[in-house]
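Inspection log for the structure reproduced underneath, given as structure tokens.
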């Protein structure tokens, strides 16, 4: 069967880094990042955040092969901002938004559990 082994979804082979960057020599401020052992989830989140940044001219991702768990994110920025800085900013924004979502969800669950009347209305 062509399916990868389950451990290949998580473990990065020895000698590989999590992220590799290749600068595009044809376009200024353009870099393609290969992120190993990630999928559409991270690709969608990062490109969505990157596209909202004013310094990002282009951001898109692709999965080069469906049986390999790697994504490639291509980023082009304005001259005032590097693609690496844009990617780091997008990662920080994503983490911040996730932490906020997590906190709000936990608060909502606690409020739901502490209000029996609300639980009756839920069913």
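None of the figures in this text is laboratory data; all of them are computed from the coordinates on show. All values reported here derive from a predicted model rather than from experimental measurement. Please note: Cβ atoms are built from the backbone with ideal geometry, for glycine as well, and neighbour counts cover all protein chains shown.
Things worth noting here:
- Principal-axis tilt of helix 40-52 within the chain, Cα atoms, nearest 10 degrees: 80 degrees
- Max mean-square fluctuation residue, GNM over the chain, Cα-Cα springs under 10 Å, options 56, 41, 78: 41
- Label-to-label distance, residue 24 versus residue 107, with points set 7 angstrom from Cα along the beta-carbon direction: 4.1 nm.
- Per-selection metrics, region 51-123 (Cα): Rg and Dmax in Å: 19.6, 57
- Mean-square fluctuations from a GNM of the chain, with a 10 angstrom spring cutoff on Cα atoms, peak among 57, 46, 27 at 27.
- Helix 83-114 vs. the chain, principal-axis angle (Cα, 0 to 90°, nearest 10): 10 degrees
- Choice from 70, 99, 111 showing the highest fluctuation, given a GNM over the chain with Cα pairs closer than 10 Å: 111
- Per residue, the chain reaches -14000 deg cm²/dmol at 222 nm when only DSSP H runs of four or more residues are counted, each adding -39500 (n - 2.57).
- Restricted to Cα atoms, the chain shows a radius of gyration and a Dmax of 19.3, 63 angstrom.
- Mean separation of Cα pairs under 8 Å and 6 or more residues apart, divided by the residue count, gives the chain a relative contact order of 21 percent.
- Counting every other Cβ atom within 10 Å of each residue's Cβ, 74, 26 order from fewest to most as 26, 74.
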